[in-house]
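Chemist: Take a look at the following structure, please.
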Amino acid sequence: RPVLEFRDVWFGYRPGAPVLRGVGFTVPARGQVALVGPSGAGKSTIFALAERFYEPDRGSVLLHGRDARFTPYDRHRAAVGLVEQDSPLLAGTLRDNLLYGAGPVTDRDLNRVLAMTGLTRVAAGLPAGLDTPVGDHGRRLSGGQRQRVAIARCLLARPDLILLDEPTAHLDPDSERALAATLHDVAQVCALMIIAHRFTTVRSASRVLVIDDGVIAASGTPGELLLTS
Ligand code: ADP
Ligand code: ADP
């Protein structure tokens, strides 16, 4: 059963001006679904509805096959995590940042998530390991490391689906490729839906949805959409 489904979703920020016009898709429980399309097409709006920040005007958003309207709001929000382009970090330690909002976490779970997100090596390279202060806004970490922390923090809260707004947007090509490899690993344990601006991100998706002016203009695997060589 898909973790998330949009069924003929219509939504506008103002009456009479629909921004999404009959959007339907499913997100399987594992793998990466990439959203591509021009600025203003409606990608962020799809995320806002997936998070239940807004409700559809028509149609429905289903979580695990159940209309989200009938799921308690808190439970829906706990099931859907969000990673932004530049994830805000606290001025505490790496550990503080990872565990922020996560609830109780066993060492085993923490170590598994650290390994999966490539942070085991990052922590090992810091003077006090996980207890090293990361600095204001995580200044002591690189952009790629900060994104890894954001993804790890999200995983520790045990969501069913993680929404990522082009997590490699501000990374150099090497860090971009490395993070794409990590996302591929993460997608084996959790569903990912990613707003994709970069070719690397699109190419590693299991399914691509092309959004244009509030509709799904095309969908398929990267190969089917002729996005791979
Ligand atoms: P994308 O993420 O693909 O760039 P968005 O979902 O942000 O597209 O925007 C889709 C349309 O909705 C655009 O016309 C945008 O101007 C409009 N829009 C987005 N957010 C708001 C908002 N909070 N209030 C009013 N209009 C909005
Ligand atoms: P930077 O922005 O410093 O280049 P990266 O995102 O490239 O950061 O990598 C951060 C850390 O994660 C590095 O220590 C790197 O060795 C490690 N790493 C990179 N890719 C992977 C991967 N696929 N699996 C595990 N660890 C990785």
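Chemist: Going by amide H atoms built from the backbone, whose H comes under 5 Å of the H on Ala218, apart from near neighbours?
Modeler: Correct list: Val210.
Chemist: Next question, about the same structure. Calculate the radius of gyration of the Cα atoms of the stretch 38-107 to one decimal place, then report Dmax, the largest Cα-Cα distance, as a whole number, both in Å.
Modeler: Rg then Dmax for the stretch 38-107, in Å: 15.5, 45.
Chemist: Please work out how much accessible surface Ser206 shows to a 1.4 Å probe, ignoring ligands, DNA and RNA, in Å² rounded to 10.
Modeler: 60
Chemist: If you don't mind, there's one more thing I want to ask. Ignoring ligands, DNA and RNA, what percent of the accessible area of the stretch 34-175 is carbon or sulfur (1.4 Å)?
Modeler: C and S atoms contribute 51 percent here.
Chemist: If you don't mind, another one. How big is the C-alpha Rg of the stretch 1-152 next to the rule-of-thumb value 2.2 N^0.38 Å, as a ratio?
Modeler: Here the answer is 1.24, to two decimals.
Chemist: Still on this structure, please answer the following. Cut-off 10 angstrom, C-alpha nodes, Gaussian network model of the chain. Which of Ala123, Ala68, Ala17 fluctuates the most?
Modeler: Ala17
Chemist: Would you kindly derive the ³J(HN,Hα) couplings of the stretch 118-124 from the backbone phi angles with the Karplus curve 6.51 cos²θ - 1.76 cosθ + 1.60 (θ = phi - 60°), listing them in order in whole Hz, with x for Gly and Pro?
Modeler: Each residue's phi maps through the Karplus curve to give x, 8, 4, 5, 4, 4, 5 Hz.
Chemist: Does the stretch 34-73 classify as rounded, prolate or oblate by the C-alpha gyration tensor (a ≥ b ≥ c root eigenvalues; a/c under 1.5 gives rounded; else a/b over b/c gives prolate, otherwise oblate)?
Modeler: Here the stretch 34-73 falls in the prolate category.
Chemist: Using a Gaussian network model of the chain with C-alpha springs under 10 Å, which one of Leu209, Leu49, Leu63 is most mobile by mean-square fluctuation?
Modeler: Leu49
Chemist: Pick out the long, greasy-scoring helices in the chain: whole DSSP H runs spanning 18 Å or more along their own axis by Cα, mean Kyte-Doolittle at least -1.0.
Modeler: Membrane-span-like by this rule: 143-156, 173-186.
Chemist: On a 1.4 Å probe surface of the protein chains, which of Met193, Met116 comes out largest in accessible area, and what is the full order?
Modeler: Listed by decreasing accessible area, they come as Met116, Met193.
Chemist: Could you tell me which of rounded, prolate or oblate describes the stretch 94-228, using a ≥ b ≥ c as the square roots of the eigenvalues of the alpha-carbon gyration tensor, with rounded for a/c under 1.5 and, failing that, prolate when a/b is larger than b/c and oblate otherwise?
Modeler: Because a/c hits 1.5 or more and a/b exceeds b/c, the stretch 94-228 counts as prolate.
The values are calculated or read from the model by the stated rules, or taken from the named source; none is laboratory data. Note that the structure is a prediction, hence the values are computed from the model and not measured. The area values use the complete protein model at the heavy-atom level, side chains included, leaving out ligands, DNA and RNA. Shrake-Rupley method; radii C 1.70, N 1.55, O 1.52, S 1.80 Å.
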